[in-house]
Ligand SMILES: Nc1ncnc2c1ncn2[C@@H]1O[C@H](COP(=O)(O)OP(=O)(O)OP(=O)(O)O)[C@@H](O)[C@H]1O
Ligand SMILES: [Mg+2]
């Protein structure tokens, strides 16, 4: 195949077809397909238990697929697990830094594992600590770091082998807004450097900010795929009113043509044009509402349903 510029398009960095993972008789990844273009950021979104981590573990060659085909850098997995892992950086869902060592030592251990020469390793440690703003913590013990600092160090560690593909399993879960924004900026830097990113997340805003393409997974299947904006356009009306309070919002909105959903004490009103509905709600001082554009969370909840998982 030849693109408009006359050159062959780059082969995908990861390509999965009919990928299956079974634990005993239970199929937890149930025949999924995806391809990750080089230099892009690809997201896997899904509720707890969707199969996100299981999918990443197969990509990393840590868990052999039960069916389907999987290629990373064009090499079949799991046969080439060791070769591909040398070219991948991993930020696991749970930080697994070595508590017996300092910040810099944790990076050094990893660098040694990849066989980096000493001078290059020391240079890389210094520049990675600067990248995640931990230069002044190089000699600090891991046990005294905050959760955000540990996460930043784990990201630095994932880059020690200058990987082509960085795999991040929920990179910002449980972190405060400052750290999340800082990590998002660094991940965008990595993408700008030409690295390919594969991440999982529950956070819609994270996917919206970072991902070029994403798949929404639930119970081992891909429910939807595409670019963020396209997914929103395809599945939900562009404007949303989130209504709370003691007023009689349901009656006020009953004459309007949008779509109503109730979740707990909140009413969601989806519409192409909220002007008339806003005017009605404003007539009742007991109604509290927020008017916002539809986002990926609306798509996600519509696709995966609103009941709790696991
Ligand atoms: N080693 C295992 N043995 C048996 N079942 C497993 C194993 N690993 C995962 N599972 C099951 O597979 C399903 C998918 O798990 P997975 O960890 O991939 O979900 P996830 O999408 O990463 O969820 P979360 O958002 O909670 O991290 C779950 O039901 C889980 O219990
Ligand atoms: Mg997981």
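Points to keep in mind about this one:
- Some residue of the range 25-41 being modelled with pLDDT under 95, farther than 29 Å from residue 231 by Cβ and out of contact with any helix residue (DSSP H, G or I) (no Cβ under 8 Å at 6 or more places or on another chain): yes
- Residue 155 vs. criteria surrounded by 14 or more Cβ atoms within 10 Å (Cβ to Cβ), in contact (Cβ under 8 Å) with a residue 40 or more places away in the chain and assigned to a loop (DSSP other than H, G, I, E, B): no
- Residue 76 more than 16 Å from ligand 2 (Cβ to nearest atom), modelled with pLDDT of 95 or more and either within 28 Å of residue 188 (Cα to Cα) or outside the structural domain of residue 222 (by TED's automatic domain parsing) (or both): no
- Residue that is nearest to the chain's Cα centre (by Cα) [pool: residues in the range 21-64 that are closer than 16 Å to residue 79 by Cα and more than 16 Å from ligand 2 (Cβ to nearest atom)]: 61
- Subset of the range 131-152 that is out of contact with any strand residue (DSSP E or B) (no Cβ under 9 Å at 6 or more places or on another chain) and closer than 30 Å to residue 83 by Cβ - its residue that is surrounded by the fewest Cβ atoms within 10 Å (Cβ to Cβ): 131
- The residue list 251, 180, 188 contains one member that is surrounded by fewer than 17 Cβ atoms within 10 Å (Cβ to Cβ), in the same structural domain as residue 166 (by TED's automatic domain parsing) and at pLDDT 90 or above, which is 188.
- Qualifying residue in the range 53-63 (condition: surrounded by 13 or more Cβ atoms within 10 Å (Cβ to Cβ), modelled with pLDDT under 95, at positive phi and within 16 Å of ligand 1 (Cβ to nearest atom)): no
- Selection from the range 86-95 of residues that are within 16 Å of ligand 1 (Cβ to nearest atom) and surrounded by 11 or more Cβ atoms within 10 Å (Cβ to Cβ): 90, 91, 92, 93, 95
- Looking only at residues in the range 19-48 that are under 15 Å from residue 201 (Cβ atoms) and within 10 Å of ligand 1 (Cβ to nearest atom), the one that is surrounded by the fewest Cβ atoms within 10 Å (Cβ to Cβ) is 48.
- Remark: residue 157 falls outside the filter, which requires a residue to be within 16 Å of ligand 1 (Cβ to nearest atom) and under 22 Å from the mean Cα position of the chain (by Cα).
The values are calculated or read from the model by the stated rules, or taken from the named source; none is laboratory data. Nothing here was measured: the structure is a model prediction, and the numbers come from that model. Counting neighbours? That spans all protein chains shown, and the Cβs are built from the backbone with ideal geometry, glycine included.
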